[in-house]
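Let me begin by presenting the structure, written as structure tokens, before commenting on it.
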Amino acid sequence: MSTKPLDEERTLSDRASLRLTQAIITGELSQGQKLSETDLANRYGISRGPLREALRQLEGMRLVQRIPHAGARVVQLNKTRMGELYRVREALEGMACRMAAEHMSEGEIRLLHELLDRHEQQIAASDSTQYIQSESDFDFHYHIALGSRNQMLIDLLAHELYHLLRMCRYRTSRMAQRTRPALQQHRQIADAIANRDGELAELLMRRHISGAWKSISELMDEEEHKP
């Protein structure tokens with residue numbers, strides 16, 4: 001039995017959860033990979049108690065699946081499931097944009113534009129090869145979900161489905177042909193929100209996500225047909 005205080009155990013498990021979440025999103029732990037507690041503990045220097053709690057957290061985030069008699073595995077996002085996620089994302093984030101145009105404060109909208117300026121600096125630093133948004137405060141889509149002021153949308157987009165959506169977005173974030181267009185689309189969405197044009201904001205977000213799905217779908221087809 002662990003002799004560490006409960007708060008310390010929770011902190012260690014939260015840190016382990018963050019580390020494993022990032023490893024799954026970036027593909028360091030590959031989709032469908034079997035997760036051995038011993039291997040993970042050795043690889044990341046995590047003790048078994050916090051590791052088990054972290055894996056339970058990742059199950060709740062839908063990043064890890066426990067299969068009877070087979071143990072824990074990283075979720076597998078095949079093309080069918082990715083397509084379902086993108087269709088749900090298009091509908092929910094479009095709605096969130098419409099509501100954000102109604103409810104975001106002027107200060108929040110200003111911060112949204114400032115965030116996109118920081119994104120532009122990040123893209124420039126990568127020579128326009130990457131547009132990777134860190135979670136939460138650096139994430140344009142996350143801020144719009146919060147700005148909707150609709151708790152059901154926030155629960156889905158900023159919590160329940162958030163990390164699965166980040167897994168999807170990570171792949172397109174490394175496609176050089178999408179970095180600048182994606183940033184420009186984000187700016188157009190932010191402008192529509194600033195102008196309180198919810199209809200246009202929703203339309204632009206839907207187009208943005210539909211375009212991302214088209215790109216990732218084509219990429220998956222190419223990978224499938226590679227010799």
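The values are calculated or read from the model by the stated rules, or taken from the named source; none is laboratory data. The model shown is predicted, which means the values in this text are computed figures rather than measured ones. Note that we place each Cβ from the backbone using ideal geometry, even for glycine, and neighbour counts take in every protein chain shown. The protein model used for the area step is the full one, side chains on, heavy atoms only, and it has no ligands, DNA or RNA in it. Shrake-Rupley method; radii C 1.70, N 1.55, O 1.52, S 1.80 Å.
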* Structure fact -> Matching residues in segment 123-133 (open to solvent by less than 50 Å² (accessible area, probe 1.4 Å) and at pLDDT 85 or above) number 2
* Considering E84, E93, which residue is surrounded by fewer than 17 Cβ atoms within 10 Å (Cβ to Cβ), part of a helix (DSSP H, G or I) and not β-branched (V, I, T)? -> E84
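Per-residue answers, yes or no, for (1) touching a Phe, Trp or Tyr at 6+ places or on another chain (Cβ under 9 Å); (2) small (G, A, S):
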{"position": "L20", "(1), (2)": "yes, no"}
{"position": "L55", "(1), (2)": "no, no"}
{"position": "M61", "(1), (2)": "yes, no"}
{"position": "G83", "(1), (2)": "yes, yes"}
{"position": "A91", "(1), (2)": "no, yes"}
{"position": "R110", "(1), (2)": "no, no"}
* To do: Might you check whether a residue that is open to solvent by less than 70 Å² (accessible area, probe 1.4 Å) and either within 27 Å of L29 (Cβ to Cβ) or basic (K, R) (or both) occurs anywhere in segment 104-122?
  => yes
* Return the only residue of S148, S136, S215 being over 27 Å from L58 (Cα atoms) and open to solvent by less than 50 Å² (accessible area, probe 1.4 Å). => S215
* Would you be able to tell me the number of residues in segment 1-60 that are of a type in the set (V, I, T) and modelled with pLDDT of 90 or more? => 4
* To do: Search segment 163-178 for residues that are of a type outside the set (F, W, Y) and pair each with any residue that is open to solvent by 30 Å² or more (accessible area, probe 1.4 Å) and at pLDDT 85 or above when their beta-carbon atoms are under 6 Å apart and the residues are at least 6 apart or on different chains.
  => H163/M61; L164/R62
* Asked: If you go through segment 45-76 one residue at a time, how many are part of a loop (DSSP other than H, G, I, E, B) and touching a strand residue (DSSP E or B) at 6+ places or on another chain (Cβ under 9 Å)?
  -> 4
* To do: Give segment 161-184 a look and list any residue that's of a type in the set (A, V, I, L, M) and either open to solvent by less than 10 Å² (accessible area, probe 1.4 Å) or part of a helix (DSSP H, G or I) (or both), or say none.
  => L164, L165, M167, A176, A182, L183
* **Residue within segment 96-112 that is in a helix (DSSP H, G or I), small (G, A, S) and closer than 18 Å to C168 by Cα present** => no
* When the residues of segment 198-220 are filtered to those that are of a type outside the set (A, V, I, L, M) and in contact (Cβ under 8 Å) with a residue 60 or more places away in the chain, which remaining residue is farthest from C97 (Cα to Cα)? -> S217
* To do: Filter segment 151-160 for residues that are touching a residue at least 12 places away in the same chain (Cβ under 8 Å) and either basic (K, R) or open to solvent by 20 Å² or more (accessible area, probe 1.4 Å) (or both) and give the result.
  => L156, E160
* Structure fact -> Here the qualifying pairs (Cβ atoms under 9 Å; residues six or more apart or on different chains; first in segment 33-47 and touching a residue at least 12 places away in the same chain (Cβ under 8 Å); second open to solvent by 70 Å² or more (accessible area, probe 1.4 Å) and not in a loop (DSSP other than H, G, I, E, B)) come out as Q33/R73; K34/R73; L35/R73; E37/R48; E37/R52; Y44/R19; I46/R15; I46/R19
* To do: Would you check if there is a residue in segment 7-15 being out of contact with any Asp or Glu (no Cβ under 7 Å at 6 or more places or on another chain), basic (K, R) and assigned to a helix (DSSP H, G or I)?
  => yes
